[in-house]
1. Between 215, 148, 252, which gets the highest mean-square fluctuation from a Gaussian network model of the chain, Cα cutoff 10 Å?
2. Would you work out which of 133, 265, 301 lies farthest towards the positive end of the dipole of the chain? Charges go on Cβ: Lys and Arg +1, Asp and Glu -1.
3. Run down the lysines and flag those whose C-alpha is under 24 Å from the C-alpha of residue 184, throwing out any fewer than 8 positions away in its chain.
4. Under a 10 Å cutoff between Cα atoms, tell me which one of 104, 290, 48 has the largest fluctuation in the Gaussian network model of the chain.
5. Nearest 20 debye, what's the magnitude of the dipole of the stretch 11-235 about its Cα centre given +1 on Lys and Arg Cβ and -1 on Asp and Glu Cβ?
6. When ranked by the protection proxy of mean other Cβ atoms within 10 Å per residue, highest first, what sequence do the peptides 202-214, 264-276 form?
7. Would you work out the relative contact order for the chain, in percent, from Cα pairs under 8 angstrom that are 6 or more residues apart?
8. Semi-axes, largest first, in whole Å: what does sqrt of 5 times each Cα gyration tensor eigenvalue give for the stretch 1-70?
Amino acid sequence: MTTRAITQGEVILEGIVKNYGTFRALKGIDLRIAPGEFFALLGPSGSGKSTTLRVIAGLEVPDAGRMLVDGTEMTFAPPGERNVAMVFQNYALYPHMTLEQNIGFPLKMDGVPKAEIAARVQDAARKVRIDHLLARRPGQLSGGQQQRTALARAIVREPRLFLLDEPLSNLDAQLRLETRIELKRLHASLGVTTIYVTHDQEEAMTIADRMAVFRDGEIMQIGAPAEVFGRPDTLDVAAFIGSPPMNLIPARIEGGEAHFPGWRLALPGAPAGDVVVGVRPGRIRLADDGLPGKLLLSENLGEAMLLNVDVDGTLVKLRLPDVSPIAEGTAVRLAFDGSDILLFDPETRRRLDWPEMESRP
């Protein structure tokens, strides 16, 4: 499948601030999204990701900062002048119209000739595989078909920015998985800059070229999904990314060793002092020598077992590919390698790097 040439769609946000009364929803957002990129805005509810999208769409006017699209300032431009198409969580379809009428409605409002509308509606519907349903009304469709209709209505305008605000949240789990693949395929065929808001980290990780992690109106980290997952910049990102997220275990570095209650781990060159050790659940193993703990709960995930262990008051999760049943309350020991951990400063909450750590592959 050929992808059309990318000629437009660069988005730059500089120092965007948005207040609602005394509440500061955005605290100075700086962001650059490249033309043709599939970019995710990821964060929990209230973190500022949807407000950022609405600023890009022109549905919210920032109190400070500016926005540029393809080098032209659009900070105060009305939505109709931005050439963007937006898909909302609730799809916003007109129940009395057929799918064909719903999809073609934006073109009708723009005064496009009927013959051209018909052709563009057919093409957009074909791209999302609902061209056989055009005579139906939204009430006759499944949730997934309604979502595809909303996508087709956005596609038909041939926008330079494609904005998606939690578009899969109303779908069941299986349909969300299928639609992720469809969205990625659609993006590849359209080549349009796509900005995707979600609270679902798995969605962002699997679908985005890059993503920004939001928290409390600020961007905590920007990067490719593998980069953000593998090297979170802060404790907040580490505690959010991953399912389950990274374990964060207090320790103290002395003499090139991490000292835990009842266990030591060699960490040559690590900076001395109090730290928080970050380790992914899949990197921990049961061992004869390791962190002492007590099993609280075993969760059978089908292809793996998730163990929840109390380690001196800290909940530690480990994912094992296979394990025989272990009774709750059993004493266990957990081990991991120095090459599998990250260190964070408990005061600044930033990741700590040192020469040996930087030399890892």
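What follows draws every value from the coordinates through simple rules; no lab data is involved. These numbers were taken from a predicted model, which means no experiment stands behind them. Here the Cβ is made from the backbone with ideal geometry for all residues, glycine too, and neighbour counts use every protein chain on show.
1. With Cα springs under 10 Å in the chain, the top fluctuation among 215, 148, 252 is at 252.
2. 133
3. Counting by Cα, and skipping residues close in sequence, residue 184 has these lysines nearby: 49, 127.
4. 290
5. Working: 27 positive and 27 negative charges, 111 e Å.
Approximately 540 debye in magnitude.
6. Details: 202-214: 21.5, 264-276: 15.8.
Packing order, densest peptide first, comes out as 202-214, 264-276.
7. Numbers: 735 pairs, mean separation 55.9, N = 361.
Worked out over the chain, it gives 15 percent.
8. Numbers: eigenvalues 133, 36, 16 Å².
So the equivalent ellipsoid measures 26, 13, 9 Å along its semi-axes.
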